[in-house]
1. Which condition does residue 117 not pass, out of (1) in a helix (DSSP H, G or I); (2) surrounded by 15 or more Cβ atoms within 10 Å (Cβ to Cβ); (3) at pLDDT 75 or above; (4) more than 20 Å from the chain's Cα centre (by Cα), if it passes all the others?
2. Restricted to segment 230-239, and to residues that are surrounded by fewer than 17 Cβ atoms within 10 Å (Cβ to Cβ) and within 18 Å of residue 281 (Cβ to Cβ), which residue is modelled with the lowest pLDDT?
3. Just one of the numbered conditions (1) within 15 Å of residue 183 (Cα to Cα); (2) buried (at least 18 other Cβ atoms within 10 Å of the Cβ); (3) free of Cβ contacts under 8 Å to residues at least 60 places away in the same chain is not true of residue 251; which one?
4. Just wondering, is there one or more residues in segment 268-280 that are without any contact (Cβ under 8 Å) to a residue 24 or more places away in the chain and under 21 Å from residue 221 (Cβ atoms)?
5. Tell me which residues, restricted to segment 52-86, are outside any helix (DSSP H, G or I) and in contact (Cβ under 8 Å) with a residue 12 or more places away in the chain.
6. Could you look through segment 146-157, keep only residues that are crowded, with 18+ Cβ neighbours inside 10 Å and within 22 Å of the chain's Cα centre (by Cα), and pick out the one that is farthest from residue 70 (Cα to Cα)?
7. Looking at 67, 59 in this structure, which one is at pLDDT 95 or above, surrounded by 14 or more Cβ atoms within 10 Å (Cβ to Cβ) and within 23 Å of residue 153 (Cα to Cα)?
């Protein structure tokens, strides 16, 4: 009696098994959500985390109260938009990084300590998708805190200013609410760049204490170190006065300050020396944001 050789039957069985596995993989891939959908799910999770964390709510309320208090005590509310911007600029250079770090320094670290990163490795979620989802979710909460607080200050100026707005109608760009809106946008960009740095720190460290310590070091570098380096470069002759306006883009704080002076304060005054290169400063903030997110992604790939 003749029949199919055993080797042929085994090859046929192996081929059938491989075909079934390939079919199942294709079905799984078809059922898997698209990258945008995966990012949306992570964003939604981060938004729920932010909304349910009482610390963030209290931080937002305190931030708004401090800004309103500074604007009111400093007299900016009664004087107009641009005086209010001048009053708020220096405090925001300190407060925005603190708030941004508070939102981001445990974002990815918390997932690692709870074991969620190990679980996510079993899902078709790339590290860059996870980092982007965390950044966008935390950014919504951070911008809600920063932008809403500044809009409250702007509303206080509308109500409390002593001079009618019509007095400035004939002065091009003087004390315009559009300048205040520009100031809000620039502050939001500054906050996003620091948030990205905080998320990179969260991805690099393995413990809460180390994350907090590294965040403090990053704040010192951003708030003091890079500015001192620029001052030293100018004083020692490594930087010329003509190149300083471009070198300010190296520091996110200096880039933010230069943008506010160049596109808001000097615009309102009508004249004044160039304090920064708006294009270079915007590129600097973008590099800090994108570069920090790239560092966070690389850290998760380890």
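The values are calculated or read from the model by the stated rules, or taken from the named source; none is laboratory data. No experiment lies behind these values; they were computed from the predicted model shown. Glycine gets a Cβ as well: all are built from the backbone with ideal geometry, and neighbour counts include every protein chain shown.
1. The failed condition is (3).
2. First, the residues of segment 230-239 that are surrounded by fewer than 17 Cβ atoms within 10 Å (Cβ to Cβ): 231-238.
With within 18 Å of residue 281 (Cβ to Cβ) added as a condition, the list becomes 231, 233-234.
Working: 231: 81, 233: 82, 234: 77.
The selected residue is 234.
3. Going through the list (1) within 15 Å of residue 183 (Cα to Cα); (2) buried (at least 18 other Cβ atoms within 10 Å of the Cβ); (3) free of Cβ contacts under 8 Å to residues at least 60 places away in the same chain, residue 251 breaks only (1).
4. No, there is no match, as no residue in segment 268-280 is without any contact (Cβ under 8 Å) to a residue 24 or more places away in the chain and under 21 Å from residue 221 (Cβ atoms).
5. Looking only at segment 52-86, we keep the residues that are outside any helix (DSSP H, G or I), and these are 53, 74-75, 80.
Answer for segment 52-86, where residues must be outside any helix (DSSP H, G or I) and in contact (Cβ under 8 Å) with a residue 12 or more places away in the chain: 74, 75, 80.
6. Applying the filter and picking the extreme gives 146.
7. Details: 59 fails: at pLDDT 95 or above.
From the options 67, 59, the qualifying one is 67.
Conditions (1) within 30 Å of residue 36 (Cα to Cα); (2) at pLDDT below 75; (3) touching a helix residue (DSSP H, G or I) at 6+ places or on another chain (Cβ under 7 Å); (4) surrounded by 17 or more Cβ atoms within 10 Å (Cβ to Cβ), marked per residue:
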{"site": "131", "(1), (2), (3), (4)": "yes, no, yes, yes"}
{"site": "137", "(1), (2), (3), (4)": "yes, no, yes, yes"}
{"site": "159", "(1), (2), (3), (4)": "no, no, no, no"}
{"site": "165", "(1), (2), (3), (4)": "no, yes, no, no"}
{"site": "177", "(1), (2), (3), (4)": "no, no, yes, no"}
{"site": "181", "(1), (2), (3), (4)": "no, no, no, no"}
{"site": "196", "(1), (2), (3), (4)": "yes, no, yes, yes"}
